[in-house]
């Protein structure tokens, strides 16, 4: 079945460090892929998305590229800030069934000044 | 503001009580959802409605009953609350599989 696996956290970085959060998926065909961010005490917000292979989603300095050959959608940011501290969720929407998204287990990011 | 709004934000109640959480979206989306987030942040889908029709009903105790009076509203009623029901409940809506979900800000339910 469809599923998403993302790296366990927490991930602790110093400000201005490079961030990578790994996400791999299992799905039939070509799903749409998403990264969501959840700040403390808030709901999930869509951070970026990619709907087909080789697409790159980007927003607020974050990027992720839809890699069909490695079934991956890793989240990257070149220089993190304290304000990026949050929980990040990778998710997929299967082709042909958008009514059910599959979420990864979330990766908590702590950025220290 | 266009959004998914849910009320209340916090709910503290005793075991055995019945409570409801309300959700409304003004985005014009056809599909709405209820998710449960546990203390480890794991998200589990509970229900999904498309144009007032139930389309997803995961393995959820029948003490949980969703109601969708129209496609802009999806409420969640919980009977005979138990300690294990304590969690954050999120409402969400979507229109297409490529747009993603829009989430509400969550309802933190604490059963004591």
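The values are calculated or read from the model by the stated rules, or taken from the named source; none is laboratory data. All of these numbers come straight from a predicted model, not from anything done at the bench. Counting neighbours? That spans all protein chains shown, and the Cβs are built from the backbone with ideal geometry, glycine included.
Of all strands (runs of 3 or more DSSP E) completely enclosed by the stretch B:15-112, which ones contain at least 1 residues that are closer than 29 Å to residue A:95 by Cβ and modelled with pLDDT under 90?
On the way: elements: B:19-25, B:31-37, B:43-50, B:53-57, B:64-70, B:73-78, B:87-94, B:107-111.
The qualifying strands (runs of 3 or more DSSP E) are B:43-50, B:53-57.
Quick one: would you say residue B:98 is in contact (Cβ under 8 Å) with a residue 24 or more places away in the chain, under 20 Å from residue A:45 (Cβ atoms) and either facing chain A (nearest Cβ under 10 Å) or touching a helix residue (DSSP H, G or I) at 6+ places or on another chain (Cβ under 7 Å) (or both)? Before you say what the answer is, go through the steps one by one.
On the way: in contact (Cβ under 8 Å) with a residue 24 or more places away in the chain: no; under 20 Å from residue A:45 (Cβ atoms): yes; either facing chain A (nearest Cβ under 10 Å) or touching a helix residue (DSSP H, G or I) at 6+ places or on another chain (Cβ under 7 Å) (or both): yes.
Against the criterion (in contact (Cβ under 8 Å) with a residue 24 or more places away in the chain, under 20 Å from residue A:45 (Cβ atoms) and either facing chain A (nearest Cβ under 10 Å) or touching a helix residue (DSSP H, G or I) at 6+ places or on another chain (Cβ under 7 Å) (or both)), residue B:98 does not qualify.
If you go through the stretch B:18-35 and pick out every residue that is away from every other protein chain (no Cβ under 12 Å) and either surrounded by fewer than 23 Cβ atoms within 10 Å (Cβ to Cβ) or in contact (Cβ under 8 Å) with a residue 60 or more places away in the chain (or both), you end up with 10.
From the list A:113, A:94, the one residue that fits, being in contact with a strand residue (DSSP E or B) (Cβ under 9 Å, 6 or more places away or on another chain), under 22 Å from residue A:1 (Cβ atoms) and touching a residue at least 60 places away in the same chain (Cβ under 8 Å), is A:94. The numbered conditions (1) more than 24 Å from residue B:112 (Cβ to Cβ); (2) surrounded by fewer than 18 Cβ atoms within 10 Å (Cβ to Cβ); (3) without any contact (Cβ under 8 Å) to a residue 40 or more places away in the chain are all true for residue B:49 except (2). For residue B:61, the criteria (1) buried (at least 21 other Cβ atoms within 10 Å of the Cβ); (2) touching a helix residue (DSSP H, G or I) at 6+ places or on another chain (Cβ under 9 Å) hold in every case but one, which is (1).
Restricting the search to strands (runs of 3 or more DSSP E) fully inside the stretch A:1-77 and requiring at least 2 residues that are at pLDDT below 95 and more than 14 Å from chain B (Cβ to nearest Cβ) gives an empty result. Given the structure, is residue B:67 without any contact (Cβ under 8 Å) to a residue 12 or more places away in the chain and within 13 Å of the chain's Cα centre (by Cα)? Criteria met by residue B:67. Just so you know, in the stretch A:59-83 the residues that are without any contact (Cβ under 8 Å) to a residue 40 or more places away in the chain and surrounded by fewer than 15 Cβ atoms within 10 Å (Cβ to Cβ) include one that is nearest to residue A:25 (Cα to Cα), and it is A:68.
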